[in-house]
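The values are calculated or read from the model by the stated rules, or taken from the named source; none is laboratory data. As the structure is a computational prediction, the values presented were derived from the model and not from experiment. No Cβ is skipped: glycine too gets one built from the backbone with ideal geometry, and neighbour counts run over all protein chains shown. Surface accessibility is based on the protein's heavy atoms, side chains included, excluding ligands, DNA and RNA. Shrake-Rupley method; radii C 1.70, N 1.55, O 1.52, S 1.80 Å.
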Amino acid sequence: MPAMLSIPRYQKRRQILRFLSQIAFHLLCDFRVENSENIPREGPVIVVGNHFHYADPVVFVAILPPHTEYIAGTLRPSAPWIVRRIPDAWVTLNVHRGNASTEALKGAAAVLGQGGLLGVFPEAGAWASVLRRARPGVPFLAATTGAPLLPIGIEGMTEIFPALRRGKRATVTVRVGRPFGPFNITSRGRERRADLEAIGHQIMGEIAALIPPERHGVYSSDPVLQREAEAVAAFPFD
């Protein structure tokens with residue numbers, strides 16, 4: 001059961017997957033990581049990032065320690081076969097989108113309780129190329145485990161394959177922010193839901209600070225961009 005898992009696990013295979021991910025990025029694009037010194041070796045830390053492309057999780061695999069655990073959705077309709085297999089090979093904590101995903105949350109709490117690193121994308125899907133609101137899971141984990149969060153901004157992933165088709169190499173820039181939190185809420189009912197939503201907004205705001213303003217989506221200061229983002233912000237997996 002995920003709640004009983006012991007970390008670290010699957011270290012050899014994960015080191016290989018990390019190495020292959022690094023090679024792939026350096027072959028396919030100009031891959032740049034800013035402020036990598038902010039990446040911790042140990043936790044508990046929840047690593048969060050924007051999710052605009054199906055291969056964003058591979059960015060986390062390439063830059064985070066191999067003992068990092070991940071929450072991953074089981075539906076990956078837009079990803080090619082090889083990308084869909086990476087979560088299975090890594091052995092992620094799987095979320096069945098549209099459900100409560102209790103087992104994945106228990107497993108994630110167990111990882112953090114053992115001082116581990118947990119990677120997760122708060123938007124829970126890559127159906128748009130601008131920021132959307134965080135789903136409830138990450139704010140809940142942050143509030144109930146007391147783990148700080150590390151924000152990461154990913155820019156340029158959507159340009160890799162279009163650039164290759166033009167015979168060029170896209171630039172992918174990964175910006176690692178500074179840890180923030182921890183959060184602790186004691187409210188209940190409607191007030192608790194509002195507090196968790198506020199945590200979600202803060203999480204996405206920290207990520208927004210690491211990506212270009214035109215990608216801020218529902219967190220944009222431009223009303224036009226905000227309205228355009230609202231039109232695609234609804235979670236499509238319920």
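Scan Arg41, Arg13, Arg32, Arg18 and give me the residue that is part of a loop (DSSP other than H, G, I, E, B) and either under 20 Å from Pro87 (Cβ atoms) or not small (Gly, Ala, Ser) (or both). Let's see the steps before the verdict.
On the way: Arg13 fails: part of a loop (DSSP other than H, G, I, E, B); Arg32 fails: part of a loop (DSSP other than H, G, I, E, B); Arg18 fails: part of a loop (DSSP other than H, G, I, E, B).
Criteria check complete, one pass: Arg41.
Read through the list (1) open to solvent by 50 Å² or more (accessible area, probe 1.4 Å); (2) out of contact with any helix residue (DSSP H, G or I) (no Cβ under 6 Å at 6 or more places or on another chain); (3) farther than 27 Å from Thr171 by Cβ, then give the number of the only condition that Lys106 fails.
(2)
Might you check whether a residue that is out of contact with any strand residue (DSSP E or B) (no Cβ under 8 Å at 6 or more places or on another chain), within 25 Å of Arg227 (Cβ to Cβ) and not charged (D, E, K, R) occurs anywhere in segment 159-179?
Within segment 159-179, none of the residues are out of contact with any strand residue (DSSP E or B) (no Cβ under 8 Å at 6 or more places or on another chain), within 25 Å of Arg227 (Cβ to Cβ) and not charged (D, E, K, R).
Counting only residues that are under 22 Å from the mean Cα position of the chain (by Cα), small (Gly, Ala, Ser) and not in a helix (DSSP H, G or I), how many does segment 214-230 have?
The initial filter retains those residues of segment 214-230 that are under 22 Å from the mean Cα position of the chain (by Cα), namely 214-220, 226, 229-230.
Next cut, small (Gly, Ala, Ser) only: 217, 220, 229.
Retained after the next criterion (residues that are not in a helix (DSSP H, G or I)): 220.
Selection size over segment 214-230: 1.
Quick one: which of Ile199, Ile160 is more than 19 Å from His53 (Cα to Cα), at pLDDT 95 or above and open to solvent by less than 40 Å² (accessible area, probe 1.4 Å)? Outline the logic, then answer.
Numbers: Ile160 fails: more than 19 Å from His53 (Cα to Cα).
The match here is Ile199.
Of all residues in segment 141-183, count the ones that are under 15 Å from the mean Cα position of the chain (by Cα) and among the hydrophobic types (A, V, I, L, M, F, W, C).
Number satisfying all stated conditions: 9.
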